[in-house]
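Trainee: Dumping the structure here so I can ask a few things about it.
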Amino acid sequence: MSQLNASHIPLSLDEFDRITQLFASVLSTAHAPVVIPGEAILGIEAMAAGIAAPGRKILNIVTGPYGSLFGSWLERGGATVVEVKVSFDKVVTVREVHEAIKRHSPCAISFVQAEVVTGGSNPAKEILEVAKEYQLVTIMDSVSAVGGEQLLTDEWGVDLVAIGAQKALAGPNGISAVGISPRGWQFIETNPHAPRNSILSLLDLKPSTDRSAPRRVPPNLPSLEGRALITALSRIEDEGLEQVIRRHELAAASLHAGAAQLGLTPWQQDSQFYSTLTSTIRIADEPRLHIDQPIGIVAPGDGELFGQLLRVNHFGLNASEEGVSSALITLAELLKHSPEAALTAAAEIWEGRA
């Protein structure tokens, strides 16, 4: 067998530029994002390391475990963290955000856009509008949201945003990205504590704007993952991002319609803020819903939510009528119910799509 397997050939500049362009497209930004040689959690931690410093007060919204983790990284970097935390069966309200900003006068605000662990989605656009009133630097974890719901980075005024391809975009998880606005770069560059010569250094990976300077593909960027990423994001480009988002909306709506026919109660309290990526179901005192391992795309709750909810991961290629039907059959089997009424209710959602 030839050793010149494509997976062992380093990425070319053309391939790297294609990755950058495709990431910028799903971010809806005119600014070249930082391409991260690793899973998206690396980009999220790099954002925290790049902005955290003594003397900086950051309002961190916690609506799930990743918000808590981000706050701990900010504190590790010396920032003063003001936390707005709600119970994990709700999302934050714009009023809560507005009141916290007035009370604490932070310089920046951070939050998770879509909480796949809890099945909730924060009102990102509205939060960013409030942040704009107070000229706050804005930081978002949109790893799960991208491709599943709208993410208009430049239009909304997002300064730092982390994304990955492994959920709604149905791609690999070995390369991710951080979108950074000019103001976001200024916020990092004026931080003397921002890491350099580190895997957490966004500054080391900053795209050059000097067209005369020699260019090369960033080191440690895996070629196999890079080519798989190009394939996945090109597929999104071909389908159309709006259609991909619409597919996720239909998947969530049909799953909830079917689950209602099975007598199941959503974990999230307000249907207005259901995630399009995952649907979460309250277990309550129903022993038949307690599972230890995933069954298809039906999974137990993570961490402190284990035993409290089930999570249906209808994202990526599973954002489809077939994916939802399979999950509803699994739920019906756990409850020892017939799935027919649930499947009919779900099918009506798909048939009525516009």
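Trainee: If I ask for residues that are touching a helix residue (DSSP H, G or I) at 6+ places or on another chain (Cβ under 7 Å) and aromatic (F, W, Y), which ones from the range 281-326 would you list?
Mentor: Correct list: F315 only.
Trainee: Also, quick follow-up: Looking at E189, is it acidic (D, E), without any contact (Cβ under 8 Å) to a residue 60 or more places away in the chain and open to solvent by 20 Å² or more (accessible area, probe 1.4 Å)?
Mentor: yes
Trainee: Next up: Residues in the range 127-134: is at least one aromatic (F, W, Y) and either within 30 Å of N220 (Cα to Cα) or buried (at least 18 other Cβ atoms within 10 Å of the Cβ) (or both)?
Mentor: No: the range 127-134 contains no residue that is aromatic (F, W, Y) and either within 30 Å of N220 (Cα to Cα) or buried (at least 18 other Cβ atoms within 10 Å of the Cβ) (or both).
Trainee: Let me ask another. Check L289, L335 and return the single one that is more than 16 Å from A251 (Cβ to Cβ), in contact with a Lys or Arg (Cβ under 6 Å, 6 or more places away or on another chain), touching a residue at least 12 places away in the same chain (Cβ under 8 Å) and of a type outside the set (S, T, Y).
Mentor: The unique qualifying residue is L335.
Trainee: If you take the residues of the range 192-230 that are farther than 19 Å from M47 by Cβ and among the small types (G, A, S), which of them is most open to solvent (accessible area, probe 1.4 Å)?
Mentor: S212
Trainee: When the residues of the range 152-177 are filtered to those that are open to solvent by 10 Å² or more (accessible area, probe 1.4 Å) and among the hydrophobic types (A, V, I, L, M, F, W, C), which remaining residue is farthest from S110 (Cα to Cα)?
Mentor: By that ranking, first place goes to A170.
Trainee: Something else: So which residues in the range 135-144 are without any contact (Cβ under 8 Å) to a residue 40 or more places away in the chain and either open to solvent by less than 10 Å² (accessible area, probe 1.4 Å) or β-branched (V, I, T) (or both)?
Mentor: Those that are without any contact (Cβ under 8 Å) to a residue 40 or more places away in the chain and either open to solvent by less than 10 Å² (accessible area, probe 1.4 Å) or β-branched (V, I, T) (or both): T138, M140, S142.
The values are calculated or read from the model by the stated rules, or taken from the named source; none is laboratory data. Worth saying up front: this structure is predicted, and the values here are computed from it rather than measured. Neighbour counts run over all protein chains shown; Cβ positions are idealised from the backbone, glycine included. We work out accessible area using only protein heavy atoms, side chains counted, and drop any ligands, DNA or RNA first. Shrake-Rupley method; radii C 1.70, N 1.55, O 1.52, S 1.80 Å.
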